[in-house]
Amino acid sequence: MMLRTVTLSFLALLSAALPARAEDPAAYPTRKIRMLLPYAAGGGGDVIGRLLADKMGKTLGQSIYIENHTGAAGTLGTQMVATSANDGYTITVGGMTTHVLAPAIYPKLPYDSIKDFTTIGRIGVSAIMLVATKDFPANDIKGLIALAKKGEPIQYGSWGIGSTGQFCAEILMQQTGIKMEHVPFNGIAKLAGDLLGGHISLATLDMATATPLVKDGSIQALAACGERSPSLPDVATYQEQGVTFDRSLSWAMYAPAGLAPPIAQKLQAALKDALGDAEVKEKLLGLGITPQFVPGDEQRDINARDIAAWKQVAKDAGIEVK
């Protein structure tokens, strides 16, 4: 009896020490999927993730639950995804900051946004809005250039050093030759509050923040950095106002690198299906995001190209986060 007990204990220990048997990709998914989001609950990226998780879960036949891990401008949670098991049970929604701009400004970023991820596909494109107080003496880029040429000191606010908002302002300055002083704020809510209070007259805001303020007349919009926004369709883009800017500001879905192709294909099909859903489309458009599916391999190549371009913008502007 003693020998049998020892033998069973030994076999149990041996079994625990052996690696778990890999799941057959054809059977995926057989359990819940974690969507790890590097954004605070209620923020734009979080809202997008929850919206897609619901629809994709129904397509895949398994629920997708949300975990929020914020910090370091989204790079903390993004790194957690990069180091997770590549079994298809951890996915994320990445924006410009986490997968395109961070590699351009962080010399010691703890992940490679191309090599450490499997790109599932693009979710859609959005704009960054250049906005101003109602009494600001310019209502478009032409007027802003004229103001700058008069020698008027111009300050603009963004929601932080290295933010998409700062990059959009830097593109404007580099393309037009005007000078503006950057005032970084600790978060977009504080920036919007100070803009409404008249403590700063010019700013860059994301669409979720800018749209209701522009629509109710609290502030005015001068230009859209990126494509025309469905939530503010009358605001002309940089390109339409003579500023060379042909890059998309996109959201995409990612999983850890090395994901088995059959699993990646199932996730990609579920994402594409969700983006074709009328309710999802309507809600994304309401957030200022134009749904625009692009397959994972193609989006990965676009990211790689854009990182190189934004690195040059950062170098010329002296943007670096140590």
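Derivation of every value follows stated rules applied to the coordinates shown; laboratory data play no part. Remember, predicted model here, so these are calculated numbers, not experimental data. For neighbour counting, all protein chains shown are included, and Cβ atoms are generated from backbone atoms with ideal geometry for every residue, glycine included.
Could you tell me whether the chain comes out rounded, prolate or oblate from its Cα gyration tensor? Rule is a ≥ b ≥ c as square roots of the eigenvalues, rounded for a/c under 1.5, then prolate if a/b exceeds b/c, otherwise oblate. Prolate shape, in that a/c is at least 1.5 and a/b is the bigger ratio. Tally Lys and Arg at +1 and Asp and Glu at -1 over the other residues with C-beta under 15 Å from the C-beta of Lys179: what net charge comes out? Summing Lys/Arg as +1 and Asp/Glu as -1 gives -2. How high is the relative contact order of the stretch 50-135, in percent, counting Cα pairs under 8 Å that sit 6 or more residues apart? Computed value for the stretch 50-135: 17 percent relative contact order.
Each other residue within a Cβ distance under 13 Å of Ile289 adds +1 if Lys or Arg and -1 if Asp or Glu, for a net charge of +1. Would you work out which of Gly226, Trp251, Tyr238 lies farthest towards the positive end of the dipole of the stretch 191-302, given +1 charges on the beta-carbon of Lys and Arg and -1 on that of Asp and Glu, about the Cα centre? Highest projection toward the positive end goes to Trp251. Among beta bridges identified by DSSP and lying wholly in the chain, the antiparallel ones come to about 70 percent. Placing unit charges on the Cβ atoms only, positive for Lys and Arg and negative for Asp and Glu, gives the chain a dipole magnitude near 580 debye about its Cα centre.
Taking the inverse of the mean 1/r over every pair of distinct Cα atoms in the stretch 244-306 gives a Kirkwood hydrodynamic radius of 13.2 Å. Among Thr30, Thr204, Thr90, the largest mean-square fluctuation in a Gaussian network model of the chain (Cα springs under 10 Å) belongs to Thr30. Distance cut-off 25 Å, Cα to Cα: go down the list Lys283/Lys315; Lys32/Lys108; Lys142/Lys215; Lys190/Lys272; Lys215/Lys281 and report the pairs above it. Pairs exceeding 25 Å: Lys283/Lys315; Lys32/Lys108; Lys190/Lys272.
Please work out whether the stretch 45-132 counts as rounded, prolate or oblate from its C-alpha gyration tensor, where a ≥ b ≥ c are the square roots of the eigenvalues and a/c under 1.5 means rounded, while otherwise a/b larger than b/c means prolate and anything else oblate? In terms of gyration-tensor shape, oblate.
Projecting the Cα positions of Gln166, Ala210, Gly42 onto the charge dipole of the chain (unit charges on Cβ atoms of Lys, Arg, Asp and Glu, taken about the Cα centre) puts Gly42 furthest along the positive direction. For the chain, what's the relative contact order in percent, using C-alpha pairs closer than 8 Å and at least 6 residues apart? Normalised by residue count, the contact order of the chain is 26 percent.
Considering only alpha-carbon pairs that sit under 8 angstrom and 6 or more positions apart, the relative contact order computed for the stretch 128-225 is 50 percent. Summary of the geometry: the stretch 184-245 and the stretch 268-315, compared by the centres of their Cα atoms, lie 21 Å apart. Shape class for the stretch 153-242, computed from the alpha carbon gyration tensor (a ≥ b ≥ c): oblate, with a/c not under 1.5 and a/b at or below b/c. The GluC sites (Glu not before Pro) of the stretch 237-289 include none that DSSP puts in a loop with a beta carbon having at most 13 other beta carbons within 10 Å. Counting only DSSP beta bridges whose two residues both lie in the stretch 128-225, roughly 70 percent are antiparallel.
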